[in-house]
């Protein structure tokens, strides 16, 4: 195998094009990984790519990774373009979505950033990336390629695939939709909402053509030398999914562990999960601290996640691996400063400002979701899924159900609940608004983008720009404080807000006999004083 070439104190991959590809390879752009980052490189009579290091050991490791990918690229050029099925294209798009969700899990950035991503994605899919150009099939194709083409190229390179020109626009469309999904998830995380959107479940696993999926997913007995971080995580996922009443691991949780393991693998230069040392883990920690790209809290989470993966490896081997203990047990996590809960919460003046501004809005999501968040403590994405059929009465009191029925998603099993409607919401006219829909209607009351729309409106129109404030999740904190102020019992507060406590009192609201008592508890919550009117 060739070796890294030292050019001007930097190491490079420099490999000649195979003779049988000299007529078709030059001029093409391929993608190769350098330290885990896929980079474009234009093929000439040779492929030349900087390995971004002057360290010989690191260069050797990076060269091996890039050279293996280059071999796949040569084979893809030699092969007949793959005829991907609809399912395979969706699976590839889902992998790209998963990578974006995982990459920003610890530090999702700002809500506004993801709102801008959605706008740019929409412009590309409509062929309006340039505001002065008229949308035509040609501009759409060009804009889609510019916006999403590199993601497709990298994913195909990772799989060692080439596809026909006829299939590329279809795959681009699936990838565009998947990246919209990823942007919505990351926007919610940026606003403090890490609940499961459920969107991951619609993307199938990628199975290469000619592969029996039942065989590939069957668990294998791993030898010690073959035990990788990936195989440990895969085995844990399989175990948690086994059995009639299993509770599978959520996709977002799986991605969190994969992200930590991948980061350590790239730093360490090996995927071997059997020989990890505390020194290696501590060196990884110090490297992340020196780079300064992640918060100390994120670094702590990555160490904890890696420790969990190694603990699974110990459990799967029945203690044969790491018999003396988990090597990360003695690696001290970095200290960090936390954002106080009250800083993320609305002040009473801020709450009044938003509620008064909401009264002036015509759009249902802006008119009602802030009020419903304020007086229920529910997560905004839970409320955004409600249909008229979810509302009902017992005696003189109104309630609504938060459930997973009808394709809805909730954070946990404890999130399924019945919520009494606060008198302030009745007085504000919520029930009258619900009455404008057919009583058994399945149409959702609010638009699918309502969560993001409300967040942008609070920041950009109402003008609450305080950095620490969580525009959606801040209502949840405020409601719990109002519950305490009004004397609501802990059991009722936990149930109404969907927080699991593990206590038998979580039976609140599980039958109609208990609902009147729950409504009595809700009436104890004081109304938010509205001092003055402010237009938005």
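Coordinate-derived values only; no laboratory data. Since the structure is predicted, the reported quantities are computational estimates derived from the model, not experimental observations. Glycine also receives a Cβ, built like all others from the backbone with ideal geometry; neighbour counts cover every protein chain displayed.
Which of rounded, prolate or oblate describes the stretch 5-78 when judged by the alpha-carbon gyration tensor and an a/c cut-off of 1.5?
Prolate shape, in that a/c is at least 1.5 and a/b is the bigger ratio.
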task = Could you pull the Rg and Dmax for the stretch 219-330, using just the Cα atoms, both in Å?
result = 14.2, 47
key: the stretch 422-494 versus the stretch 125-144: alpha-carbon centroid distance in Å   = 38
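So what's the back-of-envelope 222 nm ellipticity for the chain, counting only DSSP H runs of four-plus at -39500 (n - 2.57) apiece and dividing by all residues, rounded to 500?
Working: 20 runs with 253 residues, N = 536.
Helix-only estimate at 222 nm: -15000 deg cm²/dmol.
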query = In terms of the Cα gyration tensor, with a ≥ b ≥ c the square roots of its eigenvalues, is the stretch 63-140 rounded because a/c is under 1.5, prolate because a/b exceeds b/c, or oblate?
reply = oblate
request  = With a ≥ b ≥ c taken as the square roots of the eigenvalues of the C-alpha gyration tensor of the stretch 86-202, please select rounded if a/c is under 1.5 and otherwise prolate if a/b is larger than b/c or oblate if it is not?
outcome  = oblate
remark   = Taking 0.36 nm per residue of separation between residue 253 and residue 512 and subtracting their Cα-Cα distance, the length gained on full extension comes to 89.8 nm
In degrees, nearest ten, helix 474-486 long axis to first principal axis of the chain (Cα) = 30
task = Evaluate the distance, in nm, between pseudo-label points positioned 7 Å from the Cα of residue 436 and of residue 110 along their respective Cα→Cβ axes.
result = 3.4
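Distances over 40 Å make up what percent of all Cα-Cα pairs in the chain?
Working: 50464 of 143380 pairs.
It works out to 35 percent of all Cα pairs.
How much length would be gained if the chain were fully extended between residue 304 and residue 48, taking 0.36 nm per residue of separation minus their Cα-Cα distance, in nm to one decimal? It would help to have the intermediate numbers written out before the result.
Working: separation 256, 0.36 × 256 = 92.16 nm, distance 3.86 nm.
That works out to 88.3 nm of additional length.
Compactness ratio of the stretch 342-523: Cα Rg over 2.2 N^0.38 Å, N = residue count? Show your work: numbers first, answer last.
Values: Rg = 15.6 Å, N = 182, 2.2 N^0.38 = 15.9 Å.
Normalised Rg, Cα atoms only: 0.98.
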Linear extension gain, residue 3 paired with residue 230, 0.36 nm per residue minus alpha-carbon span = 79.0 nm
query = For the stretch 1-62 and the stretch 358-409, what is the separation of their Cα centres, given in Å?
reply = 56
